[in-house]
Amino acid sequence: QVPLVESGGGLVQAGRSLRLSCAASGRTFRSYAMGWFRQAPGKERERVAAISWSGGSTYYADSVKGRFTISRDNAKNTVYLQMNSLKPESTAVYFCPGNIRAGLLRAHNDYAYWGQGTQVAVSS
């Protein structure tokens, strides 16, 4: 089990920015492919972004491409999600999953470890 703790959520106005962080414990973080998913009330969990263990490969859902950026700092055991130009439809609980696998993990079932999530609310 790898504890993952998300932070950085909050209430912002549309058009503003937030940066989410996901901190992991342990010395194997650099071996983990990581991602961000979100779940809005009454909706299924949706993939947002993914990053390989080295940070060299990234994936974005079409709905966030050009506005969100995923990155990681393996020295700090942390992955980030920079969210710009936020829209009301970005309102959701954001989760940071991980797994020891190569490449980009895009499916919910690819991930073994999940944090508790951080709430993001965007007002119009």
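The values are calculated or read from the model by the stated rules, or taken from the named source; none is laboratory data. Just so it is clear, the structure is predicted and the values come from calculations on it, not from any experiment. As a convention, Cβ positions derive from the backbone with ideal geometry for all residues, glycine included, and neighbour counts pool all protein chains shown. The accessibility values were calculated without ligands, DNA or RNA, using every heavy atom of the protein model including side chains. Shrake-Rupley method; radii C 1.70, N 1.55, O 1.52, S 1.80 Å.
Can you tell me the equivalent ellipsoid semi-axes for the range 42-114? Use √(5λ) from the Cα gyration tensor, largest first, whole Å.
Working through the eigenvalues yields semi-axes of 20, 15, 11 Å.
Report ³J(HN,Hα) in whole Hz for each residue of the range 109-124, in order, from the Karplus equation J = 6.51 cos²θ - 1.76 cosθ + 1.60 where θ = phi - 60°; Gly and Pro get x.
My calculation for the range 109-124 gives 6, 6, 9, 9, 10, 9, x, 8, x, 9, 7, 10, 10, 10, 8, 8 Hz in order.
Find how many whole Å separate the alpha carbon centroid of the range 69-124 from the alpha carbon centroid of the range 1-45.
First find each Cα centre; the distance between them is then 4 Å.
Would the range 1-69 count as rounded, prolate or oblate if I go by the C-alpha gyration tensor, calling it rounded below 1.5 in a/c and otherwise prolate when a/b exceeds b/c, oblate otherwise? Before the final figure, lay out each step's value.
Working: a/c = 1.73, a/b = 1.46, b/c = 1.18.
Since a/c reaches 1.5 and a/b is larger than b/c, the shape of the range 1-69 is classed as prolate.
Count charges around Glu6 for me, please; just the other residues with Cβ under 12 Å from its Cβ, Lys/Arg as +1, Asp/Glu as -1.
Working: positive: Arg19, Arg38; negative: none.
Charge balance in the 12 Å sphere: +2.
Carbon and sulfur together cover what percent of the accessible area of the chain at a 1.4 Å probe radius?
Working: 2930 of 6370 Å².
That fraction is 46 percent.
List the residues, sorted by chain then number, that are 5 or more residues from Val48 or on another chain and whose placed amide H is less than 5 Å from its amide H.
Trp36, Phe37, Arg38
How large is ³J(HN,Hα) for each residue in the range 87-97, as worked out from phi by the Karplus curve 6.51 cos²θ - 1.76 cosθ + 1.60 (θ = phi - 60°), to whole Hz, x for Gly and Pro?
10, x, 6, 7, 4, 4, 8, 9, 10, 10, x
For the chain, rounded, prolate or oblate, judged on the Cα gyration tensor with a ≥ b ≥ c (square roots of eigenvalues), a/c < 1.5 rounded, else prolate if a/b > b/c? Could you put the intermediate results ahead of the total?
On the way: a/c = 1.67, a/b = 1.66, b/c = 1.00.
It is prolate, given that a/c is not under 1.5 and a/b is the larger ratio.
May I ask you to derive the relative contact order of the chain, considering only C-alpha pairs under 8 Å and at least 6 residues apart, and to give it as an integer percent?
On the way: 317 pairs, mean separation 45.6, N = 124.
Value for the chain: 37 percent.
What is the local net charge at His108, summed over the other residues whose Cβ is closer than 15 Å to its Cβ (Lys, Arg +1; Asp, Glu -1)?
Working: positive: Arg38, Lys43, Arg45, Arg47, Arg101, Arg106; negative: Glu44, Glu46, Asp110.
Summing Lys/Arg as +1 and Asp/Glu as -1 gives +3.
Rounded to whole Hz and in sequence order, give me ³J(HN,Hα) for the range 38-55 from the Karplus expression 6.51 cos²θ - 1.76 cosθ + 1.60, θ = phi - 60°, writing x for Gly and Pro.
Going residue by residue, I get 9, 9, 8, x, x, 10, 6, 5, 10, 6, 10, 7, 8, 9, 6, 4, 8, x Hz, with x marking Gly and Pro.
Out of Asn109, Asn84, Asn74, any idea which swings most in a Gaussian network model of the chain, alpha carbons joined below 10 Å?
Asn109
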